[in-house]
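Notes follow the structure.
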Amino acid sequence: MSTHTYKLIELTGSSPKGSDEAIQNALAKAKESIHNMRWFEVIGTRGHIEDGNIAHWQVTLKVGFTLD
């Protein structure tokens with residue numbers, strides 16, 4: 001079994017459609033420049049309300065990736 005060293009970063013993704021899409025958006029953007037992502041943890045969820053309806057979601061994640 002190999003051992004790994006991980007680095008953690010914090011990201012916030014957003015979406016007008018929902019929290020799942022906000023997570024996907026954050027991870028999709030991060031993978032453009034961060035390699036070896038292994039896991040994520042949702043640490044916060046927020047929303048923006050307009051006229052009594054949810055207008056936008058924001059989800060904050062901790063993302064762990066292995067170092068080269």
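The values are calculated or read from the model by the stated rules, or taken from the named source; none is laboratory data. Everything numeric here is computed off the predicted structure, so don't read it as measured data. Glycine gets a Cβ as well: all are built from the backbone with ideal geometry, and neighbour counts include every protein chain shown. Ligands, DNA and RNA are excluded from the accessible area calculation, which covers all protein heavy atoms including side chains. Shrake-Rupley method; radii C 1.70, N 1.55, O 1.52, S 1.80 Å.
From the mean inverse distance of alpha carbon pairs (Kirkwood) and the Cα radius of gyration, derive Rg over Rh for the chain.
So for the chain, dividing Rg by the Kirkwood Rh gives 1.10.
R0 = 30 Å: FRET efficiency of ILE54 with SER2, Cβ-based, nearest 0.05? Write out the running numbers ahead of the final one.
Numbers: r = 43 Å, r/R0 = 1.45.
After rounding, the FRET efficiency stands at 0.10.
Quick one: 3J(HN,Hα) in Hz for region 57-64, Karplus 6.51/-1.76/1.60 with θ = phi - 60°, rounded, Gly and Pro as x.
Each residue's phi maps through the Karplus curve to give 10, 10, 10, 9, 10, 9, 10, x Hz.
Starting at the first residue of region 8-15, write each ³J(HN,Hα) from the Karplus equation 6.51 cos²θ - 1.76 cosθ + 1.60 with θ = phi - 60°, in whole Hz, x for Gly and Pro.
Calculated HN-Hα couplings, in order: 10, 10, 10, 10, 10, x, 9, 6 Hz.
Based on DSSP H runs of at least 4 residues, each adding -39500 (n - 2.57), what is the mean residue ellipticity at 222 nm of the chain after dividing by all its residues, to the nearest 500 deg cm²/dmol?
-5500 deg cm²/dmol
Starting from the amide H of GLY18, placed 1.01 Å from N in the peptide plane, find each other amide H under 5 Å away whose residue is 5 or more places distant or on another chain.
The list, which skips near neighbours in sequence, is TRP57.
Rounded to the nearest 20 Debye, what is the dipole magnitude of the chain about its Cα centre when Lys and Arg each give +1 and Asp and Glu each give -1 at the C-beta? Intermediate values should be presented prior to the final figure.
Values: 7 positive and 8 negative charges, 47 e Å.
So the magnitude is around 220 debye.
On the accessible surface of the chain, probed at 1.4 Å, how many percent belong to carbon and sulfur atoms?
Its accessible area is 49 percent carbon and sulfur atoms.
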